[in-house]
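Report on the structure given below.
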Amino acid sequence: MKIIAFGGSNSSTSINKMLATYATGLFEKAEVEVLDLNDYEMPLFSVDREKVIGQHEIAKKFLAKLAEADILVISLAENNGIYSVAFKNIYDWCSRIENEVFQQKPMLLMATSPGGRGGKGVLEFANGNLPRHGGNIKALFSLPSFYTNFDVEKRIISNPEYDNQLKEIVKNFPL
């Protein structure tokens, strides 16, 4: 079983990438590849730019990575209640090549933030939006107050309630 994971942020210290990485380690006997959105940076999408560039090669590479997955583990950063620009730009370029961006791969969709809502705004939006583009969301998880509930040095969820909740999701994750 191959898991492709990423945090929906281009921050070099992305808390969502940390959460996604932690979650992948909970799956037994899985080959894991954690993507860095910085490796998929493209010019800001526009129809005019697409006329000049065509289908961007980096977007094709991102779609090819998603195609390798048996499971997608995505933890979205929330910027003003919605996707980060880094994620949205990749998503926009990819959707022009393949409407089913997420290719019906079983998905664990998560979010975290320093605040008490844990990225719930972006999770709610994504839960409604991603299925229209091949997002086969099997489970949702939100980790509020990241720096209170996650041990950055150990790279683990330090709050037993949230840790057990995520472990239960992974244990019962339908393929």
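Numbers at a glance
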read-out	value
Candidates 162, 83, 91, ranked by Gaussian network fluctuation over the chain, Cα under 10 Å, top entry	162
Which of 76, 101, 162, positive extreme of dipole for segment 2-171 (C-beta unit charges)	101
Footprinting exposure proxy for 1, 18 (fewest neighbouring C-beta atoms within 10 Å first)	1, 18
MRE, 222 nm, helices only [DSSP H, n ≥ 4, -39500 (n - 2.57), over the chain, to nearest 500]	-11000 deg cm²/dmol
Extension reserve of the residue 171-residue 158 stretch, reckoned as 0.36 nm per residue once the Cα distance is removed	2.8 nm
Selected from 62, 125, 141 as most flexible by GNM, with the chain as the system and alpha-carbon contacts under 10 Å	125
Set of segment 67-92 residues, backbone N closer than 16 Å to the point 7 Å along the Cα-Cβ line of residue 46	89
Point-to-point label distance, residue 13-residue 70, nm (Cα→Cβ direction, 7 Å offset)	3.6 nm
Exposed GluC sites (Glu not before Pro) absent: longest stretch of the chain, with sites in DSSP loops and at most 11 other Cβ within 10 Å deemed exposed	29-152
Mean Cα-pair separation over length for the chain, i.e. relative contact order, pairs under 8 Å, 6 or more apart, %	23 percent
FRET E, pair residue 82, residue 31, Förster distance 30 Å, beta-carbon r, rounded to 0.05	0.40
Out-of-range pairs (alpha-carbon distance over 26 Å; input 29/65; 51/105; 17/120; 61/154)	51/105; 61/154
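Laboratory data are not the source of any read-out in this text; all were calculated from the coordinates shown. Since the structure is predicted, the reported quantities are computational estimates derived from the model, not experimental observations. Positions of Cβ are generated from backbone atoms using ideal geometry, with glycine treated the same way; all protein chains shown enter the neighbour counts.
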